[in-house]
Each structure stands twice: as structure tokens, then as C-alpha cells.
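The values are calculated or read from the model by the stated rules, or taken from the named source; none is laboratory data. These numbers were taken from a predicted model, which means no experiment stands behind them. Ideal geometry is used to build each Cβ from the backbone, glycine not excepted, and the neighbour counts take in all protein chains shown. The protein model used for the area step is the full one, side chains on, heavy atoms only, and it has no ligands, DNA or RNA in it. Shrake-Rupley method; radii C 1.70, N 1.55, O 1.52, S 1.80 Å.
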Amino acid sequence: MEKQLTHDSDSCKLAPAFIDRLMTKRFHKILITVLLIFGFEGLWANYAFYRTVTNTCKSYRIEMQEGEMYFGREEATKNKFYLSVKSNRNNFELALIVAFVSVGQAVKHQRYMVQKGLIEKSAEPKTVHVTVNVPVTRDEMVISASATADQVVQLAAGKIDSAEFMRLIKNSMVTL
């Protein structure tokens with residue numbers, strides 16, 4: 001019995017050292033994670049941009065295409081933002097407007113973050129391309145349109161109404 005007590009007392013002495021080592025490793029992981037998140041302002045800015053677009057579309061019940069929201073990947077298209085949404089048969093105009101408004105809200109948010117000094121530089125697109133997939137029959141009809149960042153910000157801010165916005169982008173609209 002005496003041996004067992006010594007063994008228990010030895011393990012009690014080792015437990016704090018083990019916990020300290022475990023906490024140190026956990027602290028280092030948390031520290032590295034925080035530094036990565038706040039160290040890459042561009043990554044943080046893009047996340048905020050994508051989150052704003054997603055939340056605005058969800059609030060209007062506009063379904064977004066999986067993986068079809070991105071900034072241009074090549075040098076020539078890096079200042080362009082692409083977004084694909086789905087619509088019902090009869091509300092494709094609403095889906096188109098909401099998609100542009102959501103990007104306008106995101107651009108406004110990015111500008112606010114830069115203005116307040118929360119981030120130094122934002123990934124703000126100059127041109128926004130929206131594609132709406134409309135189920136007409138067995139095949140889908142695809143409507144695509146483009147607008148400038150200033151136009152979508154004005155739409156999101158309510159400076160121009162949806163009818164005026166549609167007149168501004170009517171030359172860029174393509175039906176496939």
C-alpha cells in the first residue's frame with residue numbers, strides 16, 4: 001500500500017509539468033493563428049468582402065452558385081469580381097439586382113474599413129460581372145451583366161433606383 005501512495009504522489013508532481021507543456025503548445029498554436037489572421041490584411045479583407053456578399057444574398061433568399069464568387073485570377077482580370085446566382089423562373093431581374101446590391105454593400109464595407117484604418121488596402125473590384133442562371137425548361141437560360149464598382153455602390157446606397165441602374169447596364173446584358 002505504501003508503494004502505491006508513492007506512485008500516486010509522483011504522478012501528482014508530474015501532472016502540473018505536463019499541463020504547463022500542453023498549455024504552452026496550445027498558446028503557441030493560438031498565437032500563430034491570430035498572427036496569421038491579422039497579419040494577412042488582404043486575406044482578412046477578402047473574407048469580409050465575400051461574407052458581406054453572401055449575407056446580403058441570403059437575406060433576400062437569393063441562392064448563390066457554389067464556388068462561383070471570386071476575384072479575377074489572372075493579371076488582366078484581378079480587378080474584376082465575378083458572381084453567379086440562381087433564380088426562379090420569374091424573378092431573374094430581382095436576383096440580378098440583389099447580386100449587384102450585395103457587391104455594392106461589400107465595396108462600401110471595404111471602403112469603410114480602409115477609411116477607419118482597420119485595413120491598409122482593400123481588394124476592391126473596378127468591374128462587377130454577375131451571371132444569373134434561370135431554369136426555363138430542361139436547360140437553363142443564363143443572363144450576364146456588368147457594372148462598375150461606383151455604379152453598384154450608388155445602387156446599394158440608394159442614390160440610384162433599380163430602374164435607372166438597369167438602364168445603365170442594359171448594353172452589357174447578354175442572354176445565353
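Of note:
- For the residues Ala163, Ala123, Ala147, the requirement of being on the phi < 0 side of the Ramachandran plot, open to solvent by less than 30 Å² (accessible area, probe 1.4 Å) and either modelled with pLDDT of 90 or more or outside any strand (DSSP E or B) (or both) singles out Ala147.
- Residue within region 109-120 that is closer than 25 Å to Arg51 by Cβ, among the hydroxyl-bearing types (Ser, Thr, Tyr) and in contact (Cβ under 8 Å) with a residue 12 or more places away in the chain present: no
Condition check ((1) within 12 Å of the chain's Cα centre (by Cα); (2) open to solvent by 80 Å² or more (accessible area, probe 1.4 Å); (3) at pLDDT below 90) across all residues:
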site	(1), (2), (3)
Tyr47	yes, yes, yes
Asn91	no, no, yes
Ala95	no, no, no
Val101	no, no, no
Val107	yes, no, no
